[in-house]
Structure formats: C-alpha cells, structure tokens
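Take a look at the structure below.
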Number of protein chains: 2
Amino acid sequence: MAKFSFGETMHLDDSLNTYLDAHFDTVVEDLRQWLHIPSISTLPEHLGDVAEAARWAVRRLTDIGFPEAAVVETSGHPLVLAKWVVDPSQPTLLIYGHYDVQPVDPLDQWLSPPFEATIRDGYIYGRGASDDKGQIVLVLAALEAWAKVAGGPPINITLLLEGEEEAGGEAVARFVSDHLNLLAADTVLICDTHMVSAQQPSLIVGLRGILCAELTIRGAKSDLHSGGYGGIAPNPLHALCLLLARLKGEDGRINIAPLAARIPQAEPAERRFWQEDPLDITKKLLEEMGVGEMVGENEYPPLERVGIRPTLEVHGICGGFTGAGSKTVIPAEATAKISMRLSAGLDPEEVYSWLEEAARAALPRGYRLTVRNLHGGKGISISADQAAIKAAGEAVAAIFATRPVLMREGGSIPIAAQLHELLQVPVVLLGFGLPDDAVHAPNERFSLDQLKKGMKTIALYLGLLRQR
Amino acid sequence: MAKFSFGETMHLDDSLNTYLDAHFDTVVEDLRQWLHIPSISTLPEHLGDVAEAARWAVRRLTDIGFPEAAVVETSGHPLVLAKWVVDPSQPTLLIYGHYDVQPVDPLDQWLSPPFEATIRDGYIYGRGASDDKGQIVLVLAALEAWAKVAGGPPINITLLLEGEEEAGGEAVARFVSDHLNLLAADTVLICDTHMVSAQQPSLIVGLRGILCAELTIRGAKSDLHSGGYGGIAPNPLHALCLLLARLKGEDGRINIAPLAARIPQAEPAERRFWQEDPLDITKKLLEEMGVGEMVGENEYPPLERVGIRPTLEVHGICGGFTGAGSKTVIPAEATAKISMRLSAGLDPEEVYSWLEEAARAALPRGYRLTVRNLHGGKGISISADQAAIKAAGEAVAAIFATRPVLMREGGSIPIAAQLHELLQVPVVLLGFGLPDDAVHAPNERFSLDQLKKGMKTIALYLGLLRQR
C-alpha cells in the first residue's frame with residue numbers, strides 16, 4: 001500500500017508535549033486504576049463491575065473539564081456520553097471506545113493477576129490494557145493536555161464509550177440509531193486497533209465484520225451410558241465434529257455455498273501489497289503464533305486471509321464430561337460456539353441465514369439442530385483519500401518519525417460500519433496497539449512507549465482538525 | 001438365545017424368605033445411608049468420601065457377622081476385603097462389587113439431590129442406587145438372612161469391594177494380581193449388571209472391554225484472537241473435529257484399520273437371536289433413548305452393536321471458551337476425552353496402539369498431537385454350559401417365576417475378565433438393574449421390587465452352591 005507523502009512535517013506544540021511528558025506517570029496510574037475494575041461484559045457476575053467502570057470514566061471526564069459527562073443507562077450495560085462544545089463554528093469529532101473487557105480464562109496462564117495491572121519491561125499487563133482501556137486513556141490524556149494548556153480542546157468533542165463491545169454491542173447500536181442527533185459529527189475517531197510494529201506505524205482502512213452463533217445438536221432424551229448404548233445411540237458431540245468438519249475442511253475452505261461469490265475483490269495495489277508483503281508481516285505472524293506453518297487457505301497470501309477473507313472458527317464445545325478423569329457419558333446434547341469474520345460488504349444477517357442452511361444440510365442423520373444468532377456486525381472498507389484520514393497520517397508520521405502504512409485489520413468493530421453508514425462521515429481507525437499485545441488472551445499488555453506516542457499523536461491530530 | 005430348562009422348580013427356604021420380607025425396610029434404610037456418602041472416585045475432592053463409603057461397608061459386614069472384614073489401603077482408593085469360612089470342605093464364592101460412583105453432572109437435571117436418596121413410585125433415586133451400591137446391599141441382605149436364620153452362609157464367602165471401578169480400577173487390578181492366594185475361589189459372583197426388563201430376567205454371558213483415552217491437539221504457542229489470526233491460525237478445536245470425524249464417520253464405522261479383522265464372530269444361535277430380537281429389545285432401546293432411529297452401523301442388528309461390536313465415543317471436548325456469551329478465542333490447545341468399548345478378546349493395550357497410530361494418521365497438517373491412555377480393561381465371553389451359571393439361572397427362574405435369557409451387556413467390568421483369567425473359574429454375572437435405571441446419568445434409580453427379588457435370588461443361589 002502507498003505511504004502518505006507530505007509537504008512539511010508537523011510538530012506537536014511544545015507546551016502540549018511538555019505537559020504530556022510531565023504527566024505520563026499520572027496517565028499510567030489512571031490506567032492502572034481502571035484496569036483494576038473487572039468489567040467483563042459477557043459474564044453476568046460482573047454486571048456491577050461493568051457499571052463501576054462506566055462511572056470511573058465519567059469521574060475522569062469530569063475531572064478533565066468536560067461540561068457534560070454522564071452514564072447513560074440502557075437495557076444492557078451502560079454507555080458513557082460526554083460533550084465539550086468549544087466553538088460551534090469548529091468541526092466536531094466523535095470519539096468512540098469501549099470500557100468492557102474479555103473474560104480471562106485460562107486464568108492459570110496469566111503471569112500476574114489479570115485485574116492487578118503490573119508493569120514489567122516497558123509494558124503494562126492486565127485484561128483491557130490494550131483492548132481498549134489503554135487506548136481510551138491515551139485519548140483522555142490528550143484531551144486533558146489541551147484542557148490544561150489551552151483551556152479546552154481545539155475542536156468540539158463528543159465522546160461515546162460502550163460497555164458491551166465484547167458482548168455484541170447491542171446497546172450502543174440501538175443508542176446510535178435512536179439518538180443520531182446527539183452524535184452528529186464531522187469525523188469519527190476510533191482508537192481500538194493496532195499497528196504493524198513499534199517501528200512501523202499504520203492506519204487501518206478495513207475491518208472485517210463478525211457473526212457469532214451457537215450450534216446445538218440434540219440426540220437422545222437424556223444422557224446415556226456408553227456401555228449400554230454405545231453403538232446405537234446418537235452422540236451429539238460426535239455429530240458436532242462431523243458437522244464442523246463439513247462446514248470447514250482441512251484446506252480452510254468454508255463450505256457455505258453463497259459465500260464464495262460474495263467475497264469482494266481488492267484493488268490491484270492492495271493485492272500486490274498482500275503478495276509482496278514488503279514489511280515481512282507473514283514472518284512476524286508466524287513468530288507471534290509460534291508455529292512453523294500456517295493453517296487454512298494456503299492458496300491465498302496470509303495478509304489477504306486475515307485482512308479480507310471470511311473465516312469460520314469454533315471457540316468452544318460444551319456438553320458431556322470435561323472434568324478430570326473420565327466419564328463414559330453420551331450426552332443428550334452438545335453446543336458449539338462459533339464465529340465468522342466477514343469481508344466488508346457482507347451482511348451478518350444474510351450470512352447467518354446461509355450458515356443456518358449450510359449447518360442443516362451438514363447435520364448427520366438422527367439428530368436435531370438448533371442454530372442461534374448471538375450477534376453480528378458489519379465490516380468496513382475506508383477510502384484513504386479523505387482529509388480526516390490524511391491528517392491522521394500526518395499526525396502519526398510526526399510523532400513516530402515514520403510514515404504510516406495503510407492496513408486492513410482482521411478484527412471487527414461493528415460500530416465503525418454503523419457510524420459510517422448513519423453519519424456519512426469519515427471514520428478514522430487510529431490505534432496504537434501492537435500485534436503481540438495478546439488481546440483476548442492471557443497476559444494482555446500495552447506498550448508504555450505506544451501509550452506515550454499515542455497520546456501525543458492524538459493531541460497533535462486534534463489540533464490538525466481545527467479549521468483555521 | 002436359549003432359555004434354561006429345569007427338571008423341577010427350586011424354592012427359597014421359608015425362613016429365609018420370611019426373614020427377608022420382614023427386614024426389607026431395614027435393607028432400604030441401609031442403602032439410603034450408603035447412598036448419602038458421595039463416593040465419586042474420579043474427583044479428587046471426594047477422596048475422603050470414598051474412604052468413608054469403604055468404612056461404612058466394613059461396619060455393615062461386621063454387623064452381619066463376618067469374622068474378618070477390613071479396609072485395605074492401596075495407592076489409590078481403598079478396597080474392602082471380608083472372609084467368612086464356614087466349612088473348608090464347602091466351595092468358596094468370591095463376590096465382587098464396587099462402592100464408588102460416577103460424577104453427578106449435569107446436576108440441574110436431577111429431580112432430587114443425587115446424594116439424598118429419595119423414594120418415589122417404587123424406586124429409590126440417587127447416584128449409585130443401581131451402579132453399584134444397591135446391588136451390593138442386596139447381596140449383603142442375603143448374607144445377613146443366612147447369618148440370622150442359619151448362623152452363617154451355606155458356603156465360604158470372600159467379598160471384595162473396590163472404590164475405583166468408575167475410575168479405571170487400577171488398585172483392585174494390582175491387588176488381585178498380587179494377592180491371588182487370598183482370593184482363591186470356586187466361583188466368582190458379580191452383581192453389577194442389568195436384566196432385559198422387570199418381566200424378563202436375564203443372565204449376562206458377555207461384557208465388552210474398555211479403553212479410555214485423551215487426544216490433545218496443540219496449535220499456536222498461546223491463545224489467539226480470531227480477529228487478528230482467524231484465517232491463518234491453527235485451531236485445535238477444529239482439528240479435533242476433523243480428526244474425530246475421520247476416526248468415525250456418520251456410518252458409525254471406526255476407521256482404525258486393524259480393528260475390523262479382530263472382531264470375533266458370534267455363534268449362529270446368538271446371531272439369530274440378534275437378528276430376530278424375539279424380546280423386542282430394539283423397540284425398548286429406542287424408547288429408552290427417546291429417538292425415532294438409531295445412529296451408527298445400521299447394517300448390523302442393534303443387539304449385536306451394543307453386545308459385541310466395538311465403539312468409539314467422544315465424551316467431552318475441553319478448550320477455548322464454554323461459558324455464557326461469546327469469546328472469539330482460538331485456543332492454543334484442545335483435548336477430546338474418548339472411550340472405546342471392545343469386543344471380548346481384544347486387548348486394550350494393543351487397541352490403544354492402533355488408536356494412537358490411527359489418530360496420528362488422521363491429524364490435520366500444522367498441529368501436534370498427544371495421545372494419553374487413561375485406562376483399559378478386557379471384555380469377557382462366558383460359556384453358559386457351567387454348573388455355577390446353570391445354578392444362577394435356576395435361582396433367577398424360581399424367584400422371578402420366569403426363565404432368564406442369556407444376554408450380552410455392552411458395559412465393561414474389567415475385573416470380570418481379570419478374575420476369570422487368573423482364577424480359572426466361572427464368573428457369574430447376575431445383576432438386577434433395569435435398562436432405565438439411568439446409570440451414569442441424572443436421576444439414577446433402582447427398583448425396590450428388583451432389590452427385593454435380587455436379595456431373595458442371591459439367598460437361594462448361595463444355598464444351591466452348597467455341596468450335599
């Protein structure tokens with residue numbers, strides 16, 4: 001992909017730079033505090049913690065100087081909404097982030113407790129450090145610097161934080177649809193992505209969509225003993241294996257017929273970037289995974305596979321006996337938790353109907369199947385030829401002293417597609433995570449150097465958006 | 001299969017019959033007490049309960065009048081050994097049973113607590129009611145009746161109870177090998193099987209062997225986020241699905257090449273019984289399972305499939321995320337708990353080596369596989385043309401007023417094959433469970449009518465073994 005080219009290099013204002021350097025320890029301490037709140041949105045027992053994390057954000061926004069900052073109750077986890085209108089003639093930036101985090105199992109693989117943030121070797125470790133509390137904290141630090149140095153941000157700010165990004169994001173999706181007037185903006189900034197490496201900054205111009213589903217297969221009316229019934233009884237666990245092996249083969253091909261025809265073709269420049277892989281990202285991906293070879297559709301370049309190709313992954317299989325030792329039970333039912341990542345342009349609802357049909361066709365004889373659509377979100381493909389994206393590139397280049405590349409990220413931020421569709425404004429995906437941050441895995445971390453560069457980049461970017 | 005034919009019908013001695021009728025409530029109360037002890041042998045947290053269940057048995061045996069009864073410590077769970085030598089010129093019966101029970105999950109499907117035995121509609125409900133505490137209690141009741149009515153059993157008795165039948169039975173297997181002299185007997189009686197129905201008693205002349213194993217597949221060095229790595233990452237859960245679908249297809253065929261050639265052929269009479277199914281057992285099996293059709297090798301009669309054909313079942317799949325909600329994790333490793341039931345004559349150690357080889361051959365590219373042999377036991381095939389078996393048939397016919405049929409049971413009691421091999425004496429598999437006892441499943445139960453008939457059958461059988 002093309003790098004940005006500029007007439008002259010931008011600089012962060014000295015007083016902002018000095019303020020951010022001087023207060024870095026306070027920023028880290030803020031993050032530590034927030035990371036202490038186990039705001040796991042998918043686990044009912046953490047309901048109160050999610051709410052507490054929202055209140056923490058409101059207190060912090062109020063401290064910074066936001067005239068309006070409030071917890072917004074929803075039918076799910078609460079949202080945080082804050083507004084700072086400095087000059088109606090200036091543009092408005094809508095900043096989105098999420099304060100909920102993923103579950104932490106397997107807990108025994110964490111080297112330090114996931115909710116006692118720990119600093120080791122230049123990283124802060126803890127669930128949510130990179131995804132996404134650390135990246136919100138750096139935005140807040142940039143806003144605070146502007147508030148202290150200049151009395152307020154250089155443009156109007158609307159800030160929207162949600163508490164169920166990791167749980168489907170239904171509440172924020174409904175809120176955005178119902179309250180578009182509150183969110184009217186000229187640009188959307190989402191700080192929840194990662195860069196190629198600490199040496200090679202990047203801007204994200206594509207995200208995959210997502211569909212999470214459950215497949216439940218039922219056999220006998222109750223659990224059976226494999227002694228008395230083994231050989232004649234339906235075994236839903238085995239049926240799930242057969243079904244999932246049919247839905248996706250060893251070659252990584254997803255056997256959902258309508259899907260293949262609807263995968264978008266990328267531009268020649270992007271295809272060339274994937275094939276040539278000038279940044280040697282494939283090698284880095286292999287190292288991160290600790291494997292000698294990749295698994296899946298090996299006829300496509302790895303960058304294309306994570307950037308734009310759809311996936312079908314099984315994340316867990318429930319049913320039967322999974323404790324220590326053995327128990328020769330044939331369970332009455334078993335459930336597979338699966339997800340699909342979707343090329344931008346694919347509608348999760350439509351893909352769900354294809355998935356359901358393909359799963360029914362793949363069901364072995366003698367079983368009943370229930371398919372559940374847990375949640376979905378669209379992907380997004382962003383044209384880099386927009387002023388707001390170019391300004392982000394300039395800010396990154398100035399702070400990182402390296403021009404950013406344009407990349408697609410394989411993850412999903414459904415709100416990005418939704419805000420783009422509804423507001424019809426550029427969405428800037430400017431994140432500071434690194435590939436080895438272990439998001440969603442044990443020992444999640446965030447680089448303190450990225451944290452510092454991130455807050456300076458955002459501080460500079462806010463200034464660049466101001467109309468002169 | 002042939003039924004027994006007799007010259008004259010046997011009768012249980014009146015005084016034994018009267019004693020057993022009069023003390024039936026006490027027998028039920030005994031069973032309730034024993035069922036209160038949650039002696040789950042596979043779960044480390046129940047170590048103390050297993051030991052307590054052993055001590056309970058010793059107290060009971062002492063109360064009955066056994067001159068020798070003791071807990072025998074092993075490297076695993078303890079054994080119970082009791083001896084009552086009444087007359088060295090009389091034969092010795094070695095009675096085996098197990099006082100450990102299966103785990104109880106899924107707990108929420110129990111209508112009454114598994115360890116608070118409850119009587120409803122002529123059944124006693126609780127974990128272990130049928131498998132095997134209830135069946136030991138009825139043997140003890142028969143022995144007690146003889147002790148009270150006649151001062152002792154009519155023959156010499158050795159009683160051996162183990163506490164890890166549901167956990168592989170390693171301790172008892174070692175004890176039997178090491179202490180054959182203590183166990184010398186003329187006949188072995190095992191009361192841990194079930195009958196065709198309450199109306200149709202049966203004797204068991206065959207049991208399948210068993211092999212329990214774990215297959216662990218490893219992919220990346222740590223858990224990965226399906227956003228960043230989905231499409232290139234190994235997914236051990238999916239690899240397990242592919243592998244298990246290859247090891248056994250929808251047609252129920254087990255793809256372990258050496259196995260097919262080593263499945264024994266049954267006698268023509270037994271094949272005819274399987275094909276004709278004169279007792280309509282197939283229909284009952286369908287009803288018990290609550291399904292409209294069977295799954296598996298439909299080209300074989302159902303009775304052959306549960307009686308003698310080998311199986312391969314998956315009992316649980318560990319790895320990834322199985323909590324509420326969704327988590328798009330690609331786990332670093334996943335484990336399948338599987339078992340195989342083995343035709344009599346197959347050696348579990350040899351089958352394990354075939355399984356391991358077949359699993360390695362079925363492993364998709366890009367993964368590492370570890371196979372673990374958890375435990376195994378041989379099956380047994382018993383000739384009905386032995387006096388000890390015939391006498392058991394006579395006792396059953398007298399008490400049930402119906403001649404028993406000879407059946408194979410699909411379950412596994414490895415100690416049966418071991419005692420037969422080492423002692424070279426007949427093994428009598430005379431059990432009183434019913435097919436709908438829900439052994440190993442929620443709401444396990446034992447029919448109070450079977451309990452009563454069972455203790456009378458055993459009381460009569462003990463007398464029939466006495467040499468005149």
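The values are calculated or read from the model by the stated rules, or taken from the named source; none is laboratory data. Note that the coordinates shown come from a computational prediction; the quantities given were computed from them, not determined experimentally. Note that we place each Cβ from the backbone using ideal geometry, even for glycine, and neighbour counts take in every protein chain shown. To get the accessible areas, we keep the full protein, side chains included, count just its heavy atoms, and leave off ligands, DNA and RNA. Shrake-Rupley method; radii C 1.70, N 1.55, O 1.52, S 1.80 Å.
A search for C-beta distances below 8 Å between a residue of region B:222-234 that is within 12 Å of A:Arg305 (Cα to Cα) and any residue that is part of a helix (DSSP H, G or I) and open to solvent by less than 10 Å² (accessible area, probe 1.4 Å), counting only pairs 6+ apart in sequence or on different chains, returns B:Tyr229/A:Met289; B:Gly231/A:Arg305; B:Ile232/A:Met289; B:Ile232/A:Arg305; B:Ala233/A:Met289; B:Ala233/B:Ser226.
Report, by residue number, each residue of region A:99-125 that is away from every other protein chain (no Cβ under 14 Å) and surrounded by 19 or more Cβ atoms within 10 Å (Cβ to Cβ). Before you say what the answer is, go through the steps one by one.
Initially, region A:99-125 is screened for residues away from every other protein chain (no Cβ under 14 Å), giving A:99, A:112-113, A:115-124.
Hits for region A:99-125 are A:Tyr99, A:Ala117, A:Tyr123, A:Ile124.
The residue pairs whose first member lies in region B:311-324 and is more than 7 Å from every other protein chain (Cβ to nearest Cβ), whose second member is open to solvent by 20 Å² or more (accessible area, probe 1.4 Å) and of a type in the set (A, V, I, L, M, F, W, C), and whose beta carbons are closer than 9 Å, counting only pairs six or more residues apart or on different chains, are B:Leu312/B:Ile254. On the stretch given as region A:375-402, residues that are surrounded by fewer than 22 Cβ atoms within 10 Å (Cβ to Cβ), closer than 21 Å to A:Ile415 by Cβ and of a type outside the set (A, V, I, L, M) total 4. The residue of region B:212-227 that is least open to solvent (accessible area, probe 1.4 Å), among those that are more than 7 Å from chain A (Cβ to nearest Cβ), more than 30 Å from A:Arg445 (Cβ to Cβ) and of a type outside the set (Gly, Ala, Ser), is B:Leu215. The residues in region A:31-45 that are surrounded by fewer than 20 Cβ atoms within 10 Å (Cβ to Cβ) and under 15 Å from A:Ser130 (Cα atoms) can be counted, and the count is 3. The condition of being part of a strand (DSSP E or B) and on the phi < 0 side of the Ramachandran plot holds for A:Cys212.
Reported count of residues in region B:349-368, each being open to solvent by less than 10 Å² (accessible area, probe 1.4 Å) and away from chain A (no Cβ under 11 Å), is 3.
Could you tell me whether any residue of region A:157-167 is touching a helix residue (DSSP H, G or I) at 6+ places or on another chain (Cβ under 9 Å), of a type in the set (Ser, Thr, Tyr) and within 30 Å of A:Ala358 (Cα to Cα)? For region A:157-167, residues touching a helix residue (DSSP H, G or I) at 6+ places or on another chain (Cβ under 9 Å), of a type in the set (Ser, Thr, Tyr) and within 30 Å of A:Ala358 (Cα to Cα): absent.
Per the conditions (1) over 24 Å from the mean Cα position of the chain (by Cα); (2) more than 30 Å from A:Asp437 (Cα to Cα); (3) open to solvent by less than 20 Å² (accessible area, probe 1.4 Å); (4) free of Cβ contacts under 8 Å to residues at least 60 places away in the same chain, the sole criterion not satisfied by B:Glu276 is (3).
Exactly one residue among B:Gly230, B:Gly209 is open to solvent by less than 20 Å² (accessible area, probe 1.4 Å) and more than 7 Å from chain A (Cβ to nearest Cβ), and that residue is B:Gly209.
Kindly check whether there is at least one residue in region A:406-425 that is among the aliphatic types (A, V, I, L, M), within 14 Å of chain B (Cβ to nearest Cβ), open to solvent by 20 Å² or more (accessible area, probe 1.4 Å) and within 29 Å of A:Val137 (Cβ to Cβ). Yes, the conditions are met somewhere in region A:406-425. Within region B:325-348, being surrounded by fewer than 22 Cβ atoms within 10 Å (Cβ to Cβ) and within 8 Å of chain A (Cβ to nearest Cβ) holds for one residue alone: B:Gly325.
Residue by residue, here is whether (1) charged (D, E, K, R); (2) under 18 Å from the mean Cα position of the chain (by Cα); (3) farther than 24 Å from B:Leu285 by Cα holds:
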site: B:Phe400; (1), (2), (3): no, no, no
site: B:His420; (1), (2), (3): no, yes, yes
site: B:Asp437; (1), (2), (3): yes, yes, no
site: B:Pro442; (1), (2), (3): no, yes, no
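Within region B:391-405, is there a residue that is within 14 Å of chain A (Cβ to nearest Cβ) and in contact (Cβ under 8 Å) with a residue 12 or more places away in the chain? The answer is no; no qualifying residue exists. When restricted to residues that are open to solvent by 10 Å² or more (accessible area, probe 1.4 Å), facing chain B (nearest Cβ under 7 Å) and within 17 Å of B:Gly249 (Cβ to Cβ), region A:239-266 contains 3. Against the numbered list (1) open to solvent by less than 40 Å² (accessible area, probe 1.4 Å); (2) more than 21 Å from the chain's Cα centre (by Cα); (3) under 22 Å from A:Leu31 (Cα atoms), A:Glu52 comes up short only at (1). Considered as a group, the residues in region A:187-222 that are within 30 Å of A:Thr335 (Cβ to Cβ) and among the hydroxyl-bearing types (Ser, Thr, Tyr) include one that is modelled with the highest pLDDT, and that residue is A:Thr216.
Being open to solvent by less than 20 Å² (accessible area, probe 1.4 Å) and of a type in the set (Asp, Glu) is the filter; apply it to region B:298-324 and report the residue that is nearest to B:Arg253 (Cα to Cα). Here the answer is B:Glu313.
Could you say which residue among B:Leu61, B:Leu31, B:Leu94 is under 20 Å from the mean Cα position of the chain (by Cα) and in a helix (DSSP H, G or I)? If you could, list the steps in order and put the result at the bottom.
Details: B:Leu61 fails: under 20 Å from the mean Cα position of the chain (by Cα); B:Leu94 fails: in a helix (DSSP H, G or I).
Going through B:Leu61, B:Leu31, B:Leu94 in turn, the sole match is B:Leu31.
Show the residue pairs meeting these rules: Cβ distance below 9 Å; 6+ apart or different chains; first residue within region A:39-64 and of a type in the set (Phe, Trp, Tyr); second residue assigned to a helix (DSSP H, G or I). As it stands, the answer is A:Trp56/A:Gln33; A:Trp56/A:Trp34, since those pairs meet every condition given.
Looking only at region A:167-186, decide whether some residue is closer than 19 Å to A:Thr335 by Cβ, surrounded by fewer than 24 Cβ atoms within 10 Å (Cβ to Cβ) and of a type in the set (Ser, Thr, Tyr). First the steps, then the outcome.
Initially, region A:167-186 is screened for residues closer than 19 Å to A:Thr335 by Cβ, giving A:167-168.
After this cut, where a residue has to be surrounded by fewer than 24 Cβ atoms within 10 Å (Cβ to Cβ) as well, the list is A:168.
The next check asks that each one be of a type in the set (Ser, Thr, Tyr); those that pass are none.
No: region A:167-186 contains no residue that is closer than 19 Å to A:Thr335 by Cβ, surrounded by fewer than 24 Cβ atoms within 10 Å (Cβ to Cβ) and of a type in the set (Ser, Thr, Tyr).
Inside region A:281-293, can you point out the residues that are aliphatic (A, V, I, L, M) and either out of contact with any Leu (no Cβ under 9 Å at 6 or more places or on another chain) or open to solvent by 20 Å² or more (accessible area, probe 1.4 Å) (or both)?
So in region A:281-293, the residues aliphatic (A, V, I, L, M) come out as A:281, A:285-286, A:289, A:291.
Across region A:281-293, the qualifying residues are A:Leu286, A:Val291.
Just a yes or no: is a residue in region A:134-146 acidic (Asp, Glu) and either surrounded by fewer than 24 Cβ atoms within 10 Å (Cβ to Cβ) or within 11 Å of chain B (Cβ to nearest Cβ) (or both)?
In the first step, residues of region A:134-146 are kept if they are acidic (Asp, Glu); the result is A:144.
Next, only the ones that are either surrounded by fewer than 24 Cβ atoms within 10 Å (Cβ to Cβ) or within 11 Å of chain B (Cβ to nearest Cβ) (or both) stay: none.
Checked against the condition, which is being acidic (Asp, Glu) and either surrounded by fewer than 24 Cβ atoms within 10 Å (Cβ to Cβ) or within 11 Å of chain B (Cβ to nearest Cβ) (or both), region A:134-146 yields no hits at all.
Among the residues of region B:109-124, how many are more than 13 Å from B:Pro442 (Cα to Cα) and touching a Pro at 6+ places or on another chain (Cβ under 9 Å)? Going through region B:109-124 one residue at a time, the tally reaches 0.
The rows are residues; the columns are (1) farther than 18 Å from A:Pro414 by Cα; (2) part of a loop (DSSP other than H, G, I, E, B).
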| position | (1), (2) |
| --- | --- |
| A:Glu116 | yes, yes |
| A:Ile119 | yes, no |
| A:Arg127 | yes, yes |
| A:Leu160 | no, no |
| A:Glu166 | no, no |
| A:Val172 | no, no |
| A:Leu182 | yes, no |
| A:Leu189 | no, no |
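Of all residues in region B:61-77, none satisfies being open to solvent by less than 10 Å² (accessible area, probe 1.4 Å) and touching a His at 6+ places or on another chain (Cβ under 7 Å). Just so you know, in region A:443-463 the residues that are open to solvent by 10 Å² or more (accessible area, probe 1.4 Å) and within 17 Å of B:Lys221 (Cβ to Cβ) include one that is farthest from the other protein chains (Cβ to nearest Cβ), and it is A:Arg445.
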